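Quick notes on the structure that follows.
The values are calculated or read from the model by the stated rules, or taken from the named source; none is laboratory data. What you are looking at is a predicted structure, and each value in this text was computed from that prediction instead of being measured. Note that each Cβ is placed from the backbone with ideal geometry, even for glycine, and that neighbours are counted across all protein chains shown.
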Amino acid sequence: MIGTMKKRGRFVTALVLALMLALTGVFAGGCSSEPATSGTTGTGDASGGTIRIGWIPWDEDVAVTYLWQRILEDEGYEVELTQLDAAPVFDGVASGDLDLFLDAWLPVTHEDYWAEYSDRLEDLGIWYDNALLTWAVPEYVEIDSIEDLAGREAAFGNRVVGIEPGAGLTRLSREAVIPGYGLEAYELVEGSTPAMLAELDRAIKDEEPIVVTLWRPHWAYNAFPLKDLADPEGSLGEAEEIHAVARAGFSDDFPELAEWFTAFEMDNEQLASLEDLVLNEYGTGQEEAAVEEWLSDAENRALVDGWLGK
């Protein structure tokens, strides 16, 4: 029964992705309204081509995906963006319906997807190496550890405000953190990152207690007075790496692009400044303008030129 359900789930995922690509071509801000076409031309980078990037609504992924859309378009490529949850993004890249995903958290957060799909993926390298999953509270909340939440359910409305159901952070929170710390009296609210941030913003304005699932890097740490709760059991894992991954054969079809993504690397300050512009100062629908401003800084432009070997 479990095996049958898993096969049906994969079929539904693949069908949903195929319908999305066929009907919309570009999801949530892509640069073309035509149906998705193969980026494989058989002649490598010389003839350009269409690059199909899948992305999830994690803020670092939003920021770097739009940055790379601009970079690739400036270099003569067409770019199609498709927003999905983590599971269908991995499935889409592994099946060849998508070319790239820039936000694979390894070895823990996306370990299940990596175990299932890595034999059909290319790892183009690590672009950020200090990614952390966290549970966080406002600084005015008088607890310092996840274990301090036990017995304080009423103060937090018996809720931990989470993000997308398919996120690795959600899985670890549900399967490791809650049982590991005896927090079964709490409901893990699964919704979306924007919904979580909206609740966080409201709670802080009203100086109410709230606990949210979060991660570093994230612009919220600059925008709100937050502190991470200690995780003495290590249920959320250690610092992780964020990888850019591609469909099998991508490096053969686009060797120059593969080199660019292998050279891609950002530190805390660089990523934070990009996220702040894309997610805060400009926001949804103005990502291209945010990237334009970020690239207008000479140091940022030099960073990108370095990735491209210029």
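The lone criterion from (1) among the aliphatic types (A, V, I, L, M); (2) in a strand (DSSP E or B); (3) touching a Gly at 6+ places or on another chain (Cβ under 7 Å) left unmet by residue 160 is number (3).
Of all the listed residues (79, 64), the sole one being surrounded by 22 or more Cβ atoms within 10 Å (Cβ to Cβ), among the aliphatic types (A, V, I, L, M), touching a strand residue (DSSP E or B) at 6+ places or on another chain (Cβ under 6 Å) and not in a strand (DSSP E or B) is 64.
Among the residues making up segment 216-236, those that are out of contact with any Ser or Thr (no Cβ under 6 Å at 6 or more places or on another chain), at pLDDT 90 or above and not aliphatic (A, V, I, L, M) are 224, 225, 227, 231, 232, 233, 234, 235. Of all residues in segment 127-141, exactly one satisfies the criterion of being modelled with pLDDT under 95 and charged (D, E, K, R), namely 129.
Can you confirm whether segment 275-286 contains a residue that is of a type in the set (Phe, Trp, Tyr), more than 20 Å from the chain's Cα centre (by Cα), over 12 Å from residue 71 (Cβ atoms) and surrounded by 14 or more Cβ atoms within 10 Å (Cβ to Cβ)? For segment 275-286, residues of a type in the set (Phe, Trp, Tyr), more than 20 Å from the chain's Cα centre (by Cα), over 12 Å from residue 71 (Cβ atoms) and surrounded by 14 or more Cβ atoms within 10 Å (Cβ to Cβ): absent. Among the criteria (1) more than 26 Å from residue 260 (Cα to Cα); (2) among the hydrophobic types (A, V, I, L, M, F, W, C); (3) crowded, with 17+ Cβ neighbours inside 10 Å; (4) modelled with pLDDT of 95 or more, the one residue 124 does not fulfil is (1).
Can you confirm whether segment 285-301 contains a residue that is part of a loop (DSSP other than H, G, I, E, B), in contact (Cβ under 8 Å) with a residue 40 or more places away in the chain and farther than 21 Å from residue 49 by Cα? Looking for residues that are part of a loop (DSSP other than H, G, I, E, B), in contact (Cβ under 8 Å) with a residue 40 or more places away in the chain and farther than 21 Å from residue 49 by Cα, one finds at least one in segment 285-301, hence yes. Kindly indicate whether any position in segment 113-121 is outside the structural domain of residue 69 (by TED's automatic domain parsing), of a type in the set (A, V, I, L, M) and surrounded by fewer than 17 Cβ atoms within 10 Å (Cβ to Cβ). Scanning segment 113-121 turns up no residue that is outside the structural domain of residue 69 (by TED's automatic domain parsing), of a type in the set (A, V, I, L, M) and surrounded by fewer than 17 Cβ atoms within 10 Å (Cβ to Cβ).
Scanning segment 209-242 for residues that are buried (at least 22 other Cβ atoms within 10 Å of the Cβ) and part of a strand (DSSP E or B) gives 212, 213, 214, 215, 240, 242.
Residues that are of a type outside the set (A, V, I, L, M) and not in a helix (DSSP H, G or I) do not occur anywhere in segment 273-282.
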